[in-house]
Amino acid sequence: MNRQIMPTQDPKKRINNFNEVNLGYSKEEAILEAKRCLDCKKPKCVEGCPVNINIPLFIKNIIEDNINKAYEVITNNNLFPSICGRVCPQELQCEKQCIRGIKGESVAIGNLERYVGDNAEYELYKEPSNNIKVAIVGSGPAGLSCASTLRQKGYDVTVFEALHKVGGVLRYGIPEFRLPKKIVDNETEKLKKLGVRFISNVVIGKTITIDQLFMQGFKAIYIGTGAGLPRFLNVPGENLNGVFSANEYLTRINLMEAYKEESTTPIVEAKTVCVVGGGNVAMDAARCARRMNADVYVIYRRSKNEMPARLEEIKHAEEEGIKFIFLANPIEIIGNEKVEKIKCIKMELKEADSSGRKTPVPIPNSEFAIDTDAVILALGNYPNPLLKNTDNLNFNKWGCIEVDENLATSIPGVFAGGDVVTGAATVIKAMEAGQIAAKSIINYLNQE
Ligand SMILES: Cc1cc2nc3c(=O)[nH]c(=O)nc-3n(C[C@H](O)[C@H](O)[C@H](O)COP(=O)(O)OP(=O)(O)OC[C@H]3O[C@@H](n4cnc5c(N)ncnc54)[C@H](O)[C@@H]3O)c2cc1C
């Protein structure tokens with residue numbers, strides 16, 4: 001039996017709206033897909049999942065149409081199946097290890113996880129309050145998962161968020177057509193129901209310091225402030241009008257909803273947009289620009305095989321008419337106040353670097369230029385240096401907070417995890433860090 005295909009919005013229609021592209025399985029499709037699971041004695045898929053969800057057991061419950069039980073199984077390890085089912089790189093994790101994948105197509109574990117998350121009705125358990133206060137800094141997946149784990153164990157949890165809305169990249173980075181904001185709202189509502197308090201518009205390190213949080217009675221602090229500081233190309237012309245970091249462009253679109261007519265946030269009007277980069281962020285920016293009626297080129301210095309973006313994102317971008325220019329790197333952005341052209345040089349791939357990917361090297365005298373009205377740079381991010389300036393934490397040379405194996409920082413009682421520790425990574429890795437930190441915080445507080 002073949003893998004059930006995820007129904008999607010028609011590419012011709014979807015480039016004119018921001019509605020979700022993947023439409024989700026029906027009950028019949030989910031049960032048919034679930035029946036493809038071989039229920040292996042030693043399930044490799046569980047090893048492939050960073051939070052070790054009991055995948056065969058939740059799938060078995062889908063077959064028995066016991067979706068609330070399936071939800072309980074998933075949420076023993078991951079409280080956000082609707083989010084992870086949509087954005088996790090399953091093809092590199094659980095699905096990569098699926099035995100069915102050796103000779104054919106792996107079971108669509110991510111699609112099934114999403115089905116459960118979207119359709120179950122289930123109250124999360126929580127232990128009675130112990131009145132011990134813990135502060136979480138940052139409301140991205142790292143902060144949310146730490147907050148929920150601690151609240152379920154009875155701790156009095158307050159999440160401080162710099163922006164006016166909670167969710168981190170789930171809110172301001174990943175577009176509506178991949179992760180509808182009502183899903184992020186539902187998940188945060190779930191946490192509020194558990195009793196987690198959210199305080200937004202508070203920048204820790206500026207509005208309040210870590211020391212002041214301790215003085216306010218918080219007994220432990222978890223920092224999950226992510227990696228929101230964009231990298232730039234450092235080429236001439238980068239300061240011209242019409243050049244954006246992907247962070248700024250996506251924040252305008254997603255958080256400030258600049259794509260809606262009633263939004264007061266401006267967004268560039270461009271007939272042609274060039275996006276530089278080959279990861280998920282580049283795909284998200286390109287697909288947003290396409291929905292803003294632009295002809296979009298993605299310029300990537302390696303080839304398609306080396307692109308770090310999820311395969312599904314690349315496929316969807318291609319279906320939406322986005323054009324790819326591989327093996328090219330920008331060397332100058334040309335214009336008179338405003339961007340007019342992007343000048344690139346062709347690249348060839350030489351020996352692999354330490355990451356195992358082949359190194360791109362410029363081909364002499366191969367420069368070419370593309371006419372464009374806007375350039376969006378999606379070249380990766382560093383952690384925001386704010387906490388570095390104000391608090392006594394140790395940082396490594398990439399600006400990430402240094403932690404031990406329990407995610408404890410150099411300040412007693414302060415823990416950290418997610419992108420602020422690892423550099424830009426994935427949602428599930430950030431969630432895993434939140435759970436590990438929650439356990440470490442409980443051990444630390446028990447010893448205290
Ligand atoms: C556009 C984009 C698309 C992506 N797509 C995917 C994908 O498809 N799949 C996937 O697995 N991963 C994806 N990622 C990566 C993933 O989103 C991140 O790895 C993950 O969100 C990291 O979680 P986090 O909680 O560590 O940080 P974040 O999600 O960055 O959250 C950090 C939060 O802390 C807040 N904050 C920062 N400083 C302070 C402060 N001083 N005080 C208070 N609050 C503060 C920020 O405002 C933010 O809300 C994507 C990333 C981007 C940018």
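The values are calculated or read from the model by the stated rules, or taken from the named source; none is laboratory data. Please read all numbers here as calculations on a predicted model, not as lab measurements. Cβ: placed from backbone, ideal geometry, glycine included. Neighbour counts: every protein chain shown. What goes into the accessible areas is simple: the full protein's heavy atoms, side chains included, and nothing from ligands, DNA or RNA. Shrake-Rupley method; radii C 1.70, N 1.55, O 1.52, S 1.80 Å.
Which GluC sites (Glu not before Pro) does the stretch 308-404 hold that lie in a coil by DSSP with at most 10 other beta carbons within 10 Å? Each step should come with its number before you reach the end.
Working: sites: Glu312, Glu313, Glu318, Glu319, Glu320, Glu332, Glu337, Glu340, Glu348, Glu351, Glu367, Glu402; in loops: Glu320, Glu337, Glu402.
The qualifying sites are Glu337.
Taking only C-alpha pairs under 8 Å that are 6+ residues apart, what is the relative contact order of the stretch 164-296 in percent? Intermediate values should be presented prior to the final figure.
On the way: 99 pairs, mean separation 34.1, N = 133.
Computed value for the stretch 164-296: 26 percent relative contact order.
If we count every other residue with Cβ under 11 angstrom of Arg151's Cβ, Lys/Arg +1 and Asp/Glu -1, where does the sum land?
+4
Of all alpha-carbon pairs in the stretch 219-306, indicate the percentage at a distance above 19 angstrom. Value for the stretch 219-306 (Cα pairs over 19 Å): 46 percent.
Which of the chymotrypsin sites (Phe, Trp or Tyr not before Pro) found in the stretch 330-437 are in a DSSP loop and have at most 11 neighbouring Cβ atoms, other than their own, within 10 Å? For chymotrypsin sites (Phe, Trp or Tyr not before Pro) across the stretch 330-437 that sit outside H, G, I, E and B with at most 11 neighbouring Cβ atoms in 10 Å, the list reads Trp398.
Over 29 Å between Cα atoms: which of Lys206/Lys260; Lys165/Lys193; Lys192/Lys315; Lys206/Lys397 fall into that group? Mind dumping the intermediate values first?
Working: Lys206/Lys260 32 Å; Lys165/Lys193 17 Å; Lys192/Lys315 37 Å; Lys206/Lys397 23 Å.
Those over the limit are Lys206/Lys260; Lys192/Lys315.
For the chain, relative contact order (Cα pairs under 8 Å, six or more residues apart, normalised by length) works out to 16 percent. Within the shell defined by Cβ-Cβ distances under 10 Å, the residues around Ala378 carry a net charge of 0, with Lys and Arg each +1 and Asp and Glu each -1. Over the residues of the chain, the helix contribution to mean residue ellipticity at 222 nm works out to -9000 deg cm²/dmol, using -39500 (n - 2.57) for each DSSP H run of at least 4.
Treating each Cα of the stretch 232-377 as one equal point scatterer and applying the Debye formula with no solvent, the log10 of I(q)/I(0) at q = 0.11, 0.13, 0.14, 0.22 Å⁻¹ comes out as -0.40, -0.56, -0.65, -1.45.
Checking the cross-link pairs Lys27/Lys60; Lys27/Lys69; Lys271/Lys341; Lys271/Lys304; Lys42/Lys96 against a 18 Å limit on the alpha carbon distance flags Lys271/Lys304 as lying beyond it. In the complete set of protein chains, residue-level accessible area for Ser148 is approximately 0 Å², probe 1.4 angstrom.
The 3J(HN,Hα) values that the Karplus relation (6.51, -1.76, 1.60; θ = phi - 60°) gives for the stretch 145-155 are, in residue order, 6, 5, 4, 5, 4, 5, 5, 4, 8, x, 6 Hz. Gly and Pro appear as x.
Where the accessible area of the chain is counted over protein heavy atoms with a 1.4 Å probe, how much of it, in %, is carbon and sulfur?
Numbers: 9980 of 20760 Å².
That fraction is 48 percent.
Converting phi to 3J(HN,Hα) with the Karplus coefficients 6.51, -1.76 and 1.60 and the offset θ = phi - 60°, the stretch 182-191 yields 5, 5, 5, 4, 4, 5, 6, 4, 4, 5 Hz in sequence order, with x at every glycine or proline. Within the assembled protein chains, the solvent-accessible surface assigned to Lys260 is about 70 Å², based on a 1.4 Å probe.
Put simply, the amide H of Ile325, placed in the peptide plane, has neighbours under 5 Å in Val298, Ile299, Tyr300, leaving out anything fewer than 5 places away on its chain.
Can you give the accessible area per residue of the stretch 232-377, in Å², using a 1.4 Å probe? If you can, show how the numbers build up before the last one.
Details: 7060 Å² over 146 residues.
Per residue, the stretch 232-377 has 48 Å² of solvent-accessible surface.
The distance separating the Cα centre of the stretch 70-108 from that of the stretch 266-317 comes to 26 Å. To the nearest µm²/s, what D does Stokes-Einstein give for the chain at 20 °C and 1.002 mPa s, using the Kirkwood radius over alpha carbon pairs as Rh? Value of D from the Cα-based Kirkwood radius: 93 µm²/s.
Straight-line reach from Lys190: taking Cα to Cα under 12 Å and skipping same-chain neighbours fewer than 8 places apart, the aspartates and glutamates in range are Glu121, Glu123.
I want to verify the translational diffusion coefficient of the stretch 11-119 in µm²/s; compute it with Stokes-Einstein, Rh as the Kirkwood radius over Cα pairs, at 4 °C and 1.567 mPa s. The partial results should precede the final answer.
On the way: Rh = 14.1 Å.
Diffusion coefficient, whole number: 92 µm²/s.
Please give the charge dipole size of the stretch 232-377, origin at the Cα centre, charges +1 on K and R Cβ atoms and -1 on D and E Cβ atoms. Round to the nearest 20 debye. Mind showing how you got there, number by number?
Details: 19 positive and 23 negative charges, 88 e Å.
Approximately 420 debye in magnitude.
With a 1.4 Å probe rolled over the protein heavy atoms of all chains, the accessible area of Thr264, Thr209 falls in the order Thr264, Thr209, largest first. The Cα center of the stretch 389-448 and the Cα center of the stretch 153-191 differ in position by 20 Å.
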